[in-house]
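Single-structure report; data block below.
The values are calculated or read from the model by the stated rules, or taken from the named source; none is laboratory data. As the structure is a computational prediction, the values presented were derived from the model and not from experiment. For neighbour counting, all protein chains shown are included, and Cβ atoms are generated from backbone atoms with ideal geometry for every residue, glycine included.
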Amino acid sequence: VILLVIFVLAMFVGFEVITKVPPTLHTPLMSGSNAISGITIIGALLAAGRGSGDAASILGVIAVAFAMINVIGGFMVTDRMLRMFKRRPEERE
Amino acid sequence: VILLVIFVLAMFVGFEVITKVPPTLHTPLMSGSNAISGITIIGALLAAGRGSGDAASILGVIAVAFAMINVIGGFMVTDRMLRMFKRRPEERE
Amino acid sequence: MSPFVMLLYLVAAVCFIVGLKRLSSPATARSGNAVASVGMLLAIVATLVFGRILSFQLIIVGVVIGSAVGAVFARTVKMTGMPQMVALLNGFGGGASALVAGAEFLRPMAAGVTMPLNTVLTIQLSVLIGGVTFSGSLIAFGKLQDLVTGRAVTYPLQKTLNALLFAATIALVVWLVISPDQLTWFVVLAGVALLLGVLSVIPIGGADMPVVISLLNSYSGLAAAMTGFVINNHGLIISGALVGASGLILTNIMCKAMNRSLGNVLFGAFGATMIEAPSITGGAKDVTVRQVGPEEAATMLAYARSVIVVPGYGLAVAQAQHVVRELADLIEPRGAEVKYAIHPVAGRMPGHMNVLLAEADVPYDKLRDMDQINPEFDRCDIALVIGANDVVNPAARSDKASPLYGMPILDVDKAHHVIVMKRSLNPGFAGVDNPLFYLENTSMFFGSAKASLEKLVAEVKEL
Amino acid sequence: MSPFVMLLYLVAAVCFIVGLKRLSSPATARSGNAVASVGMLLAIVATLVFGRILSFQLIIVGVVIGSAVGAVFARTVKMTGMPQMVALLNGFGGGASALVAGAEFLRPMAAGVTMPLNTVLTIQLSVLIGGVTFSGSLIAFGKLQDLVTGRAVTYPLQKTLNALLFAATIALVVWLVISPDQLTWFVVLAGVALLLGVLSVIPIGGADMPVVISLLNSYSGLAAAMTGFVINNHGLIISGALVGASGLILTNIMCKAMNRSLGNVLFGAFGATMIEAPSITGGAKDVTVRQVGPEEAATMLAYARSVIVVPGYGLAVAQAQHVVRELADLIEPRGAEVKYAIHPVAGRMPGHMNVLLAEADVPYDKLRDMDQINPEFDRCDIALVIGANDVVNPAARSDKASPLYGMPILDVDKAHHVIVMKRSLNPGFAGVDNPLFYLENTSMFFGSAKASLEKLVAEVKEL
Ligand SMILES: NC(=O)c1ccc[n+]([C@@H]2O[C@H](COP(=O)([O-])OP(=O)(O)OC[C@H]3O[C@@H](n4cnc5c(N)ncnc54)[C@H](OP(=O)(O)O)[C@@H]3O)[C@@H](O)[C@H]2O)c1
Ligand SMILES: NC(=O)c1ccc[n+]([C@@H]2O[C@H](COP(=O)([O-])OP(=O)(O)OC[C@H]3O[C@@H](n4cnc5c(N)ncnc54)[C@H](OP(=O)(O)O)[C@@H]3O)[C@@H](O)[C@H]2O)c1
C-alpha cells in the first residue's frame, strides 16, 4: 500500500509538471518521457543478473537490450531535438 | 527511507500546487494550510487513546485539544473568508 | 497499520492536495476548503475507528474543548485580525506536535523498552520544532494584538545569546539521542525550545510578523511530518510536507515583495527603526505639503473618470474597508471607473487587503495585482492612497540610500492627482520618510481613514 | 533493498522530475533532458553495484547491443520521422517490461516457491500491458513508416472479435492468478497480449497514430510502475507514474485539439474515410479555383508587410522546412514580418511542426500557438498555407455537417490573401473537402511543397 501512496503522489507530481510544458516542446516531451519509461532497465538488470544462463536470465538480457534501446535512443534523440531549439535568432548560423 | 520518498514527493506536489495560488487568496491559503497542519491530530488521538490516564495520555489529550483548535478554527475561518470571496458583482447584496 | 487504514489516510492526503489545487481560483476556492476539511474528518474518523483507541472519554473531552474554542475563535475574529488569528492557530498546531512527541517519548519509558535511534532523533526534532513554533507563534500573536510591544525589542549581545541557546539545544538533542530516557533532560529540551521561540521572535518588528508566521507555519508543517516519521504514518508526512511547502513559498514571496532577505527579516531587527520615527511633521524638511479638505477631495473624485484606490495597513487598522466600498458605489454611477491596486505586502499579511475588501463586498475582479495595475497609473486621474505608505514610497525606485530601495512599489506618483489619506506625515512600518507626500501632484488628507472617508462620502452625497 | 540504494533511486526519481520541470521552457529544456539522463545513469549504476548481480557478462552484452542500436536509431532518424521513432522506442520499452515480468514469473517456478497473490496479479498485468505496448507500437511504427498501410484497416465483426479477445485475456489473467505456475498458459497470455496490441492498432488511421503512441507511452509508463510493484522498487513506480501522467495528458490534448473523443480515435476507424477521398478535382463542385504561379506569388510575398506561414503535415512529408526558412530570410529584409502559426495537431504529432522549423533554424520566438495567432490573421496581408489542410478548414467553424465541425482551427480565411501550397485539391487526413480553397481571397499554388517553395525562392531572388 505504501507503494501505492508513492504511485499516487508521483501521479500528482507528473500531472502538475507536465501540464506546464508548452506545446512547442510536446514532441521532445514525448520522446523524453518515453526515455524515462525505460527505467524498467532496473528490473531488467536485476532479472538478467540473478540467475546464470537460465531461461529467466535470458529473458532478462533481452529485456536489458530492449530497455537500453529505449533509454539511449530516447535521451539522444530528445537531445538532438532540443539542441535545435536552443538556437535563438542572434545565434543563427 | 520509503517514508522519506513520500516526503520528498509530497514536497514537490506542494510546491507545484501552491505556486498556482493567486496573491488574492494568500491569506486563505495561509489559514487553510495552517488547518491542514493540524493533521497532527492523528498523532494526538493515538497518543491520547493508548494509555489510560498515565502521563503520556494526558499529554495526548492536551495535544488533541490543541490540534482541534487548529483544525476547526483554521477551516472555519478560511471558509468565512472564502465565502466573502465567492460574491461576484451581480450577486452583491 | 492495516492496508485499509493506510488507504484511508492516502485518500485524506489526496483530499488535501485537491483542496489546495482548488485554491487556485476564487471561484473554486471555497469548495476546495470544504474538500480539505472532509479529508481531515476522514483522517480523524479513520484514526478513531482503527487506531486501537482504548479510552475514548479523555479524547472526547479534548475534542469537544478544542472544537469549541476553535469555533469561537473562528466566529469572533475580525477580518482585520486575521494575522494574529493565523498566528494563534499556528501556535496550537505546533504545540500539539510537540506534545505528541512528548507522549511518544514517555510511553516506551513507561513500558521500559528502548527506542530505535532514528525514532529518538525524530522525537527530539519534533519537540524542538513544535516548541519553537508554539512559543514563537504566541509571541507573534501578542505583537500583532499589541499585548507585547510591536517594536523590535533589541538588547546587547542578543544574537550571541540566541546563538549560544541554539548551540545548547543542538547539544541537548545529540546528548539525548546518545542516551535517551532521561526525562529531566527531555523536559529541559522542551523548555529550551520554548525559550528559543520567544527569544527569536521578540527582536522582530510587528509588521514582519506575517513572515515569521508563515515561516513558523511551514515549521509546524514540518513538525507534523516529523511526527509522521515518529509514528510512521504517511498521512501526517504528506500533509506536513504540503504545509511546509506552502509556508516556505509564502515566506519567500513576502521577502521578495519587500526586497529583503529572510535573514534580514529574522535578524535585521527591522522594526526597531520605528523608534526613531520622525515627528508629526515628517522628515520636517521645510517643504510645503498640499492639503485637501473633504469638499475639495469630494469634487475631485466625483468628476474623475478613473480612480485607483490604493489600500494599505492603515485601512485595516481603521476598519475603513466598508466605507471605501460605499464611496466607490457613490462615484461609479457618476462615471468614474474605480479599481483597487493591491501591493503584495500591503497591510500586514499577504492577501490581507484582498480579504478586507472582499469582506466589504468589493467584487474580486476589481482587485488588481501590482504588475497588472502599475502601467495604468499614468492613465488614471486620481490615485486614492488610504493608509498605505511604504508600498507607495517612490524612494524605493529612486533613492539608493533608502532602506526600501529596490522594493517593488505601486507607482501612484505617476497618477495625475494623488490623494493620500493618513493621520499624519509619520512614516510607515519601514520608518522611512515618504517623498510622495511632498510631490506637487499629491494632496494630503489628514485624519483617521474611516473618519475621513465618512466625511468624503457625506460630501459626495451633497453634490 | 538497503536504505542507501533506496536513497539513490529516490535521487534518480527526483532527477526525472526536475528534468521534466525544466522542459517547461525551451531555454532550460536541454539541460532538463541532461538531468533526466543523469538520473537514469544513476539508477542503472546503483542497480549494477548494489543489485546482487551474479553474472555480468550477459548484462554487458545486452547493454552494449541495446546502447549501440539505440544510438544508431537516434543519430540516423530524420526529424520528419520523429513519430515513427517515438513509436519504435516506446515499443521496446513496453517489450522490456513484459520480458522482466516474464523473468519474474519464471524465477520462483524454477525455485519451486509459490508467489504471493498480488505479485502474481501484477506480473500478469505488466506482461499484458507490456505486450500490448510492444506489438501496438510496432504496428504504429509500421503504419507511419508505410510498412503497413496507413489506412484504417477494417473488416466485419472487427469490434466483436477484439471484444472477445479482450474478454479472453481477462479470463486468462484471472485463471493464472487462481492457479499460477502454469508456464504454457502464461506464454499463451503473452501471445494474446501481442495479438491484442496488433488488432487494436490496425484499425486506426495513420494520422491518429500519435494519439495511439502517446497512449501506449502512458501504458508503458504504467507497465514500468507495475514492474515496480512486482519487484517492489519505488524508483520504477515514480518514474512509471510520471510517464503515465505525461502520456495521458498528451493524449488528452490531442483529442481536444481534434475535438474527438479518445473512444472515437481508438474505435472510430477514422482514417478509413481516406479511401473514398474525392478526386484530384476535390469536391468537384464546379466552383472555380484561383491559381497562382511562382512569379505572382513571389511578388505578393515580396511586397507584403506581414506574412503568417501555416505549416502542416505536407511540409513534413515534403521536407520543405529549410526552404521555408530560406524564403522567410529573403522577404524579411524587404520589410515583411514573418510569423509561423502552429496548430496543436498540425503534422502528425504534437509539436511536430515546431521541431521541424527549429531544425531549419527558425527561432522559436517566431512560432505562435493557435490562440496567440488567431486574432492576428485579419491584420495580416498573406497567410501562406504549406501542406496544411484540416487544421485550416473553415468548415470546422461553420458547417455543422462536417466531421471536423467544432475542431479549433487556424482562421487563415480571415487573412487578406491566402496562398495554399499543396499538390492537388485532395482532402487531408480527415478526408473532408476544404471550402477554404474556393474562397475568392484564396489562391492555390499546386505542386509538392518543396519544389514550389524552391520556385518561389528563385523568383523572389529575381525581383
Ligand atoms: N503584507 C505583508 O505580508 C507584510 C509582511 C511583513 C511586512 N510588511 C510590511 O508592512 C508594510 C505594509 O506597507 P503599507 O503601506 O501597507 O503600510 P505602512 O507602510 O505600514 O503604512 C501604514 C500607514 O497607515 C497609516 N495609518 C495608520 N493607522 C491609520 C488610520 N487609522 N487611518 C489612516 N491611516 C493610518 C500610518 O500613517 P499615520 O500614522 O500617519 O496615519 C502608516 O504610515 C510594508 O513595509 C511591508 O514591508 C508587510
Ligand atoms: N499532430 C497530431 O498530433 C495529430 C494527431 C492525430 C491526428 N492528426 C491529424 O492530422 C491532421 C493534421 O492536419 P494538417 O492540416 O497538418 O495535415 P492534413 O490535414 O493531413 O493535410 C495535409 C495536406 O498536405 C498536403 N500534402 C501532402 N504531401 C504534400 C507535399 N509533398 N507537398 C505539399 N503538400 C502536400 C496534402 O494535400 P495534397 O495531397 O493535395 O498535396 C494534404 O491535404 C489533422 O486532421 C489532425 O487531426 C494530427
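The table that follows gives values for the structure above.
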| quantity | calculated |
| --- | --- |
| Test result for residue D:426, more than 26 Å from residue D:256 (Cβ to Cβ), within 15 Å of ligand 2 (Cβ to nearest atom) and not in a strand (DSSP E or B) | yes |
| Residues that are among the aliphatic types (A, V, I, L, M) and assigned to a helix (DSSP H, G or I), drawn from region D:304-343 | D:315, D:316, D:317, D:318, D:323, D:324, D:327, D:328, D:330, D:331 |
| Contacts under 7 angstrom Cβ, first residue in region D:302-323 being over 23 Å from residue D:207 (Cβ atoms), partner within 8 Å of ligand 2 (Cβ to nearest atom) and at pLDDT 90 or above, 6 or more apart | D:323/D:450 |
| Check on residue D:369, buried (at least 23 other Cβ atoms within 10 Å of the Cβ), under 30 Å from residue D:84 (Cβ atoms) and within 14 Å of ligand 2 (Cβ to nearest atom) | no |
| Residue match in region C:395-408 (condition: in contact (Cβ under 8 Å) with a residue 12 or more places away in the chain, basic (Lys, Arg), under 30 Å from residue C:214 (Cα atoms) and touching a strand residue (DSSP E or B) at 6+ places or on another chain (Cβ under 9 Å)) | no |
| Qualifying residues in region C:40-82 (those that are charged (D, E, K, R) and either assigned to a loop (DSSP other than H, G, I, E, B) or over 25 Å from residue C:142 (Cα atoms) (or both)) - the one nearest to the chain's Cα centre (by Cα) | C:78 |
| Test: residue C:85 is in contact with an Asp or Glu (Cβ under 8 Å, 6 or more places away or on another chain), assigned to a helix (DSSP H, G or I) and hydrophobic (A, V, I, L, M, F, W, C) | no |
| Given (1) aliphatic (A, V, I, L, M); (2) more than 8 Å from chain B (Cβ to nearest Cβ); (3) within 10 Å of residue B:37 (Cα to Cα), number of the condition residue C:225 does not satisfy | (2) |
| Some residue of region C:201-210 being within 30 Å of residue C:18 (Cα to Cα), buried (at least 24 other Cβ atoms within 10 Å of the Cβ), more than 16 Å from ligand 1 (Cβ to nearest atom) and of a type in the set (A, V, I, L, M, F, W, C) | no |
| In region D:345-375, residue nearest to the other protein chains (Cβ to nearest Cβ) [restricted to those that are of a type in the set (A, V, I, L, M, F, W, C) and either more than 25 Å from residue A:79 (Cα to Cα) or within 16 Å of ligand 1 (Cβ to nearest atom) (or both)] | D:370 |
| Test for residue C:126: is it at the interface with another protein chain (Cβ under 8 Å from one of its Cβ atoms), part of a helix (DSSP H, G or I) and within 22 Å of residue C:223 (Cα to Cα) | no |
| Test: residue in region C:242-261 that is farther than 19 Å from residue B:20 by Cα, without any contact (Cβ under 8 Å) to a residue 40 or more places away in the chain, within 15 Å of ligand 1 (Cβ to nearest atom) and of a type in the set (S, T, N, Q) | yes |
| Single condition residue D:106 does not satisfy, out of (1) facing another protein chain (nearest Cβ under 8 Å); (2) surrounded by 21 or more Cβ atoms within 10 Å (Cβ to Cβ); (3) modelled with pLDDT of 90 or more | (3) |
| Residue within region D:305-318 that is within 30 Å of the chain's Cα centre (by Cα), within 14 Å of chain A (Cβ to nearest Cβ), away from ligand 2 (no atom under 16 Å from the Cβ) and not polar (S, T, N, Q) present | no |
| Residue in region D:435-445 that is surrounded by 17 or more Cβ atoms within 10 Å (Cβ to Cβ), in contact with a helix residue (DSSP H, G or I) (Cβ under 7 Å, 6 or more places away or on another chain) and aromatic (Phe, Trp, Tyr) present | yes |
| Residue ID - farthest from residue C:210 (Cα to Cα), chosen from residues in region B:34-72 that are in contact (Cβ under 8 Å) with a residue 24 or more places away in the chain and among the hydroxyl-bearing types (Ser, Thr, Tyr) | B:40 |
| Which listed residue is in contact with an Asp or Glu (Cβ under 6 Å, 6 or more places away or on another chain) and over 13 Å from residue B:75 (Cα atoms), from C:79, C:115 | C:79 |
| Hits in region D:429-463 (condition: away from ligand 2 (no atom under 11 Å from the Cβ), more than 25 Å from residue D:322 (Cα to Cα) and either part of a loop (DSSP other than H, G, I, E, B) or within 14 Å of chain A (Cβ to nearest Cβ) (or both)) | D:439, D:440, D:441 |
| Meets criteria (more than 9 Å from ligand 1 (Cβ to nearest atom), touching a strand residue (DSSP E or B) at 6+ places or on another chain (Cβ under 7 Å) and within 11 Å of chain B (Cβ to nearest Cβ)) for residue C:342 | yes |
| Failed item, numbered, when residue B:16 is tested on (1) more than 7 Å from chain C (Cβ to nearest Cβ); (2) over 19 Å from residue C:14 (Cβ atoms) | (2) |
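Results for (1) at pLDDT below 90; (2) not polar (S, T, N, Q), shown as yes or no for each residue.
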residue: A:3; (1), (2): yes, yes
residue: A:10; (1), (2): no, yes
residue: A:25; (1), (2): yes, yes
residue: A:47; (1), (2): yes, yes
residue: A:57; (1), (2): yes, no
residue: A:72; (1), (2): no, yes
residue: A:87; (1), (2): yes, yes
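Quick grid of which residues meet (1) crowded, with 20+ Cβ neighbours inside 10 Å; (2) within 7 Å of ligand 1 (Cβ to nearest atom):
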residue: C:395; (1), (2): yes, no
residue: C:398; (1), (2): no, no
residue: C:409; (1), (2): yes, no
residue: C:415; (1), (2): yes, no
residue: C:418; (1), (2): yes, no
residue: C:422; (1), (2): yes, yes
residue: C:429; (1), (2): yes, yes
residue: C:452; (1), (2): yes, no
residue: C:463; (1), (2): no, no
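Condition check ((1) within 16 Å of ligand 2 (Cβ to nearest atom); (2) out of contact with any Leu (no Cβ under 9 Å at 6 or more places or on another chain)) across all residues:
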{"site": "D:335", "(1), (2)": "no, yes"}
{"site": "D:338", "(1), (2)": "no, no"}
{"site": "D:354", "(1), (2)": "yes, no"}
{"site": "D:361", "(1), (2)": "no, yes"}
{"site": "D:365", "(1), (2)": "no, yes"}
{"site": "D:373", "(1), (2)": "yes, no"}
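For every residue, the table says whether it meets (1) more than 7 Å from chain C (Cβ to nearest Cβ); (2) more than 20 Å from residue C:40 (Cβ to Cβ); (3) part of a helix (DSSP H, G or I).
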residue	(1), (2), (3)
B:21	no, no, no
B:39	no, no, yes
B:48	no, no, yes
B:59	no, yes, yes
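Here is a yes/no grid of residues against (1) touching a Cys at 6+ places or on another chain (Cβ under 9 Å); (2) at pLDDT 90 or above; (3) surrounded by fewer than 19 Cβ atoms within 10 Å (Cβ to Cβ):
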| residue | (1), (2), (3) |
| --- | --- |
| D:377 | no, yes, no |
| D:383 | no, yes, no |
| D:387 | no, yes, no |
| D:401 | no, no, yes |
| D:404 | no, no, no |
